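Q: Please find one structure pasted underneath; my questions will follow.
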Amino acid sequence: MGKGTLVDGLSKGLRKVEIAVRWDPSPAGQPSTDLDLVAATYTAGDPHGDAAYLVHFDSRSPDGTITLNRDSKDGQGFGYDEVMTLELDRLDVRYARVVVGVVIQQRPAERTFVSVRNPGLRIREGYTVLAEGDFGDVLGATAATVAEFVRDGTGPWELRSGLRGFEGDPVDFTRTMGAARRP
């Protein structure tokens with residue numbers, strides 16, 4: 001994932017995880033850059049099919065287990081600009097997979113990660129950083145999956161980190177982001 005590569009491997013027994021994205025504002029005179037976190041949940045019966053529900057800036061989880069705590073439209077602020085919390089230990093047993101991605105809003109002009117100034121990603125549980133990095137491996141992408149959380153039955157949640165780019169419309173990304181990690 002470029003410098004600050006995401007940690008590969010599995011972390012076991014995750015309960016409450018925070019995913020945070022940061023970026024610097026666009027230069028003066030340029031349109032604002034807007035990155036959005038999105039999470040898709042999948043049922044145990046169809047873990048790579050259609051998402052049961054999506055959580056993003058305009059949509060909440062029905063049970064309150066996935067929340068967007070901070071939403072930025074331009075990267076202005078201190079530290080991380082966009083923050084999402086996943087309370088995995090509270091997710092109903094029917095959910096076996098959660099995929100999290102980052103989408104670059106494509107208005108007023110098309111953008112890829114190469115045009116995002118100083119982007120960064122951090123995934124942590126409490127004070128333990130599980131993964132962090134930049135988007136250097138997907139510079140030509142308009143969106144990317146950044147994490148996949150999985151469990152087998154009622155077993156513990158595990159993180160499968162990694163970055164996969166997507167080129168195209170953000171709406172198409174939300175429809176296909178779960179298929180990106182199909183085994």
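Q: Could you tell me whether E158 is farther than 21 Å from W23 by Cα, touching a helix residue (DSSP H, G or I) at 6+ places or on another chain (Cβ under 6 Å), in contact (Cβ under 8 Å) with a residue 24 or more places away in the chain and of a type outside the set (S, T, N, Q)? Lay out the reasoning, then the answer.
A: Working: farther than 21 Å from W23 by Cα: yes; touching a helix residue (DSSP H, G or I) at 6+ places or on another chain (Cβ under 6 Å): no; in contact (Cβ under 8 Å) with a residue 24 or more places away in the chain: yes; of a type outside the set (S, T, N, Q): yes.
So E158 fails the test.
Q: Does E110 satisfy the criteria of being touching a strand residue (DSSP E or B) at 6+ places or on another chain (Cβ under 7 Å) and open to solvent by 60 Å² or more (accessible area, probe 1.4 Å)?
A: Values: touching a strand residue (DSSP E or B) at 6+ places or on another chain (Cβ under 7 Å): no; open to solvent by 60 Å² or more (accessible area, probe 1.4 Å): yes.
Criteria not met by E110.
Q: What are the residues in segment 20-31 that are open to solvent by 10 Å² or more (accessible area, probe 1.4 Å) and touching a Lys or Arg at 6+ places or on another chain (Cβ under 6 Å), if any?
A: Initially, segment 20-31 is screened for residues open to solvent by 10 Å² or more (accessible area, probe 1.4 Å), giving 22, 24-31.
Correct list: D24 only.
Q: Residues that are closer than 15 Å to V99 by Cα and in contact with a Lys or Arg (Cβ under 8 Å, 6 or more places away or on another chain): which strands (runs of 3 or more DSSP E) entirely in segment 118-183 hold 2 or more of them? Step through it out loud before you land on a result.
A: Values: elements: 128-133, 143-150, 157-166.
The qualifying strands (runs of 3 or more DSSP E) are 143-150, 157-166.
Q: Among the residues of segment 27-68, which ones are part of a loop (DSSP other than H, G, I, E, B) and closer than 15 Å to F149 by Cβ?
A: Within segment 27-68, the subset part of a loop (DSSP other than H, G, I, E, B) is 27-34, 44-52, 57-58, 60-65.
Result: A44, P47, H48, A51, A52, S61, T65.
Q: So, one more: What pairs come out if I take residues in segment 132-151 that are under 17 Å from V83 (Cβ atoms) and pair them with residues that are of a type in the set (S, T, Y) and assigned to a loop (DSSP other than H, G, I, E, B) whose C-beta lies under 6 Å away, six or more apart or interchain?
A: Once the first residue is under 17 Å from V83 (Cβ atoms) and sits in segment 132-151, its partners that are of a type in the set (S, T, Y) and assigned to a loop (DSSP other than H, G, I, E, B) give G133/T5.
The values are calculated or read from the model by the stated rules, or taken from the named source; none is laboratory data. Computed from a prediction, not measured in an experiment: that's the story for all the values here. Neighbour counts are summed over all protein chains in view; Cβ atoms, including those assigned to glycine, are modelled from backbone coordinates with ideal geometry. Remember, those area values only see protein heavy atoms, side chains included, never the ligands or the DNA or RNA. Shrake-Rupley method; radii C 1.70, N 1.55, O 1.52, S 1.80 Å.
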